[in-house]
1. Pairs please, first residue from the range 72-94 and farther than 27 Å from GLY54 by Cα, second anywhere and surrounded by fewer than 19 Cβ atoms within 10 Å (Cβ to Cβ) and at pLDDT below 95, Cβ atoms under 8 Å, 6+ apart in sequence or on different chains.
2. Output the residues belonging to the range 74-115 that are assigned to a helix (DSSP H, G or I) and either surrounded by 13 or more Cβ atoms within 10 Å (Cβ to Cβ) or within 14 Å of the chain's Cα centre (by Cα) (or both).
3. Has the range 82-89 got at least one residue that is out of contact with any helix residue (DSSP H, G or I) (no Cβ under 8 Å at 6 or more places or on another chain), within 15 Å of ARG19 (Cβ to Cβ) and not polar (S, T, N, Q)?
4. Can you pull out every residue in the range 8-18 that is open to solvent by 60 Å² or more (accessible area, probe 1.4 Å) and part of a strand (DSSP E or B)?
5. Looking at GLN39 and the list (1) more than 16 Å from TYR93 (Cβ to Cβ); (2) exposed (fewer than 15 other Cβ atoms within 10 Å of the Cβ), which single condition is not satisfied?
6. Would you point out which residue out of SER25, SER21 is open to solvent by 60 Å² or more (accessible area, probe 1.4 Å), touching a residue at least 24 places away in the same chain (Cβ under 8 Å) and among the small types (Gly, Ala, Ser)?
7. Would you say ALA60 is over 17 Å from GLN3 (Cβ atoms) and in contact with a helix residue (DSSP H, G or I) (Cβ under 9 Å, 6 or more places away or on another chain)?
8. Quick check on my filter: what residues within the range 1-46 are among the β-branched types (Val, Ile, Thr) and modelled with pLDDT of 95 or more?
Amino acid sequence: QVQLVESGGGLVQTGGSLRLSCAASVSLFNIAAITWYRQAPGKQRELVAQIATGGTTNYADSVKGRFTISKDDAKNTVYLQMNSLKPEDTAVYYCTSGGPGFGSWGQGTQVTVSS
């Protein structure tokens, strides 16, 4: 069972930046893809960004041009660089080796963007 640990969340003002990290207990080469999801209070969990083993990336329209997903295979870590943050980015951010209902999930990290 893969273990994933997120870190890097916090409180930031509108327009600010944060970098989230997702550290995996196994080599990223053993995981087909790592996906960041987020869930805001009262809202459904939504996909934010995904990176596959080969480096292919995918983003939600709402974060394109502002967020960048990347990985360091040597550190078994996936990053989510978040720039130009907006209050609507406020949510708990999770990384997963699977998707809703399957795979391993981290405990989540809170991101709060103040207006």
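The values are calculated or read from the model by the stated rules, or taken from the named source; none is laboratory data. Predicted model only: the values in this text are computed from it and were never measured. Note: ideal-geometry Cβ built from the backbone for every residue, glycine included; neighbour counts use all protein chains shown. Ligands, DNA and RNA are excluded from the accessible area calculation, which covers all protein heavy atoms including side chains. Shrake-Rupley method; radii C 1.70, N 1.55, O 1.52, S 1.80 Å.
1. PRO87/SER115
2. Just the residues of the range 74-115 that are assigned to a helix (DSSP H, G or I), to begin with: 74-75, 87-89.
Hit for the range 74-115 is ASP89, nothing else.
3. Initially, the range 82-89 is screened for residues out of contact with any helix residue (DSSP H, G or I) (no Cβ under 8 Å at 6 or more places or on another chain), giving 83-89.
Next, from what is left, pick out any that are within 15 Å of ARG19 (Cβ to Cβ): 83-85, 89.
Still in the running and not polar (S, T, N, Q): 85, 89.
Among the residues of the range 82-89, at least one is out of contact with any helix residue (DSSP H, G or I) (no Cβ under 8 Å at 6 or more places or on another chain), within 15 Å of ARG19 (Cβ to Cβ) and not polar (S, T, N, Q), which makes the answer yes.
4. Correct list: LEU11, GLN13.
5. Tallying (1) more than 16 Å from TYR93 (Cβ to Cβ); (2) exposed (fewer than 15 other Cβ atoms within 10 Å of the Cβ), GLN39 fails exactly one: (1).
6. Sole residue among the options that is open to solvent by 60 Å² or more (accessible area, probe 1.4 Å), touching a residue at least 24 places away in the same chain (Cβ under 8 Å) and among the small types (Gly, Ala, Ser): SER25.
7. So ALA60 does not fit the description; no.
8. Of the residues in the range 1-46, the ones among the β-branched types (Val, Ile, Thr) are 2, 5, 12, 14, 26, 31, 34-35.
Once the filter is applied, which keeps residues that are among the β-branched types (Val, Ile, Thr) and modelled with pLDDT of 95 or more, the range 1-46 yields VAL5, VAL12, THR14, ILE34, THR35.
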